[in-house]
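The values are calculated or read from the model by the stated rules, or taken from the named source; none is laboratory data. For clarity, every value in this text was computed on a predicted model and none was experimentally measured. Note that each Cβ is placed from the backbone with ideal geometry, even for glycine, and that neighbours are counted across all protein chains shown.
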Amino acid sequence: MNIKDYYKFIKRVDLFILLPVLFLIFWGTLSIYSASVHEYGNLWLKQLFFAVISVFLILTFIFIDYRKLLNYSVHLYIIGILSLIYVKFFGLTILGAKRWIKLGFFTLQPSEFMKFVLLLIIPFMLQNVNLPISIKDTLKIFVITAIPAYLTLIQPDLGTAITLFLPFVFIVFLAEIPKKYIIGTVTAVIFLIPFVWNHLKDYQKNRILAFINPDADPLGSAYHILQSKIAIGSGMIFGKGFLHGTQSKLYFLPEQHTDFIFASIGEEWGFIVSFVLVSVYFALTLRIFYWGYKIKNLPGKFICYGAGGLLATQAFINILMTMGLAPVVGITLPFLSYGGSSLMTFSLIIGLVLSVISVYKKERLQFG
């Protein structure tokens, strides 16, 4: 690649998306080192390994035309469903949940990768629709989403099952679905709440009750929330300093390198850095939504809408959860929480978004 080609390539890359993501990946690896080195030793090296792979995936996807990937979406969907079925019978069980496939020295979580697959197959199925989207098309993609969500729910993994529906929700909503269907769906969900509650596991019910009244069981179901709030509050404005968190280092804060990584960051780096991270997520989401609005090609538009909605909702649910403002649902903080499957999945999603943008810019340069 000569200098001229390199310059053309840089012009096709949205640095307002790429650079914040690279920053989050770096900060995530650094934070996982601090949160885990005292307890798990070299766990951060695994995350570093996946971080390198993730950056490679993002940069590689920029060169790939996303429209070619759409043609493989059905194949990837079938592989994903078969993987979830395999997990049901032969998966690795950790802490009572069977969610992983063991591959040598690391494990993969197929339900995480289904987020990326759904962001391919839903736009593929809707590429020739007329807006506003019809109820028939809505039901088709609902079924496509519900199958992996159900297989994830019975693992059990309520948090990931919920997030699998996020691309569907944002794409359908922004595909101008008639308001009467939205009102009908919300009404149906309200009436289904008692049914859903009766079918939740006991620990899931306890998490919701702990969110409503954490003082009722401070050493049991509310322990995570209370310790997380203590960690964040103790960080105050500037934090206790790198490697100097007490709630995490003295084992008071559970899952400090996974679901509660934001609490660990808040304790060590304080409000300023925490606010910067929240701002990065917010700006990143707005940028992706901006491209979803600007791009006229329906699959590209839906990919951006679905990716932005998934990233924003999962990030802010996790952050609100650590602050005691949402129930503990067990979902990762994108790019920051420990977990190779989560990190690679969101990197694939960002790579897909950058591919959409790259194709759009390339065609504008050729025909504009």
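Taking the criterion of being at pLDDT 75 or above and farther than 30 Å from Gly308 by Cβ, would at least one residue in the stretch 254-273 satisfy it? Scanning the stretch 254-273, I find at least one residue that is at pLDDT 75 or above and farther than 30 Å from Gly308 by Cβ, so the answer is yes.
Gly324 meets the stated requirement of being modelled with pLDDT under 90, more than 30 Å from Tyr360 (Cα to Cα) and within 22 Å of the chain's Cα centre (by Cα).
Where residues in the stretch 82-97 are of a type in the set (A, V, I, L, M) and buried (at least 17 other Cβ atoms within 10 Å of the Cβ), which of them is farthest from Pro110 (Cα to Cα)?
Val87
Beta carbons closer than 7 Å, at least 6 apart along the sequence or on distinct chains, pair a first residue in the stretch 15-26 that is closer than 14 Å to Leu333 by Cα with a second that is outside any helix (DSSP H, G or I) for Val21/Phe335; Leu24/Phe335; Leu24/Leu336; Ile25/Phe335. Cβ-Cβ contacts under 7 Å between residues 6 or more apart (or on different chains), taken from a first residue in the stretch 272-284 that is in contact (Cβ under 8 Å) with a residue 24 or more places away in the chain and among the β-branched types (Val, Ile, Thr) to a second residue that is surrounded by 13 or more Cβ atoms within 10 Å (Cβ to Cβ) and in a helix (DSSP H, G or I), are listed as Val273/Ile265; Val278/Ile319; Val280/Pro20; Val280/Phe23; Val280/Leu24. Among the residues of the stretch 285-337, just one is free of Cβ contacts under 8 Å to residues at least 12 places away in the same chain, over 23 Å from His257 (Cβ atoms) and assigned to a loop (DSSP other than H, G, I, E, B), namely Lys296.
Can you confirm whether Ile62 is surrounded by 13 or more Cβ atoms within 10 Å (Cβ to Cβ), closer than 30 Å to Asn297 by Cβ, at pLDDT below 90 and touching a Gly at 6+ places or on another chain (Cβ under 9 Å)? Can you show your working first?
Working: surrounded by 13 or more Cβ atoms within 10 Å (Cβ to Cβ): yes; closer than 30 Å to Asn297 by Cβ: yes; at pLDDT below 90: yes; touching a Gly at 6+ places or on another chain (Cβ under 9 Å): yes.
Against the criterion (surrounded by 13 or more Cβ atoms within 10 Å (Cβ to Cβ), closer than 30 Å to Asn297 by Cβ, at pLDDT below 90 and touching a Gly at 6+ places or on another chain (Cβ under 9 Å)), Ile62 qualifies.
Residues in the stretch 39-87 that are under 20 Å from the mean Cα position of the chain (by Cα) and charged (D, E, K, R): Lys46 alone. Restricting to the stretch 304-349, give me the number of residues that are among the aliphatic types (A, V, I, L, M) and in contact with a Leu (Cβ under 8 Å, 6 or more places away or on another chain). The total comes to 11.
Residues in the stretch 290-339 that are within 21 Å of Pro156 (Cβ to Cβ) and among the polar types (S, T, N, Q): Thr313, Gln314, Asn318, Thr332, Ser337. Cβ-Cβ distances below 8 Å connect the following pairs, each with a first residue in the stretch 136-148 that is in contact (Cβ under 8 Å) with a residue 12 or more places away in the chain, a second residue that is in a helix (DSSP H, G or I) and surrounded by fewer than 18 Cβ atoms within 10 Å (Cβ to Cβ), and a separation of six or more residues or different chains: Thr138/Tyr181; Ile147/Ile81; Pro148/Ile81. Entry remark, the stretch 67-91: residues being closer than 22 Å to Leu354 by Cα and of a type in the set (Gly, Ala, Ser) number 1 in total.
For the stretch 86-128, filtering for residues that are more than 20 Å from Phe346 (Cα to Cα), in contact with a Leu (Cβ under 7 Å, 6 or more places away or on another chain) and not basic (Lys, Arg) leaves 2.
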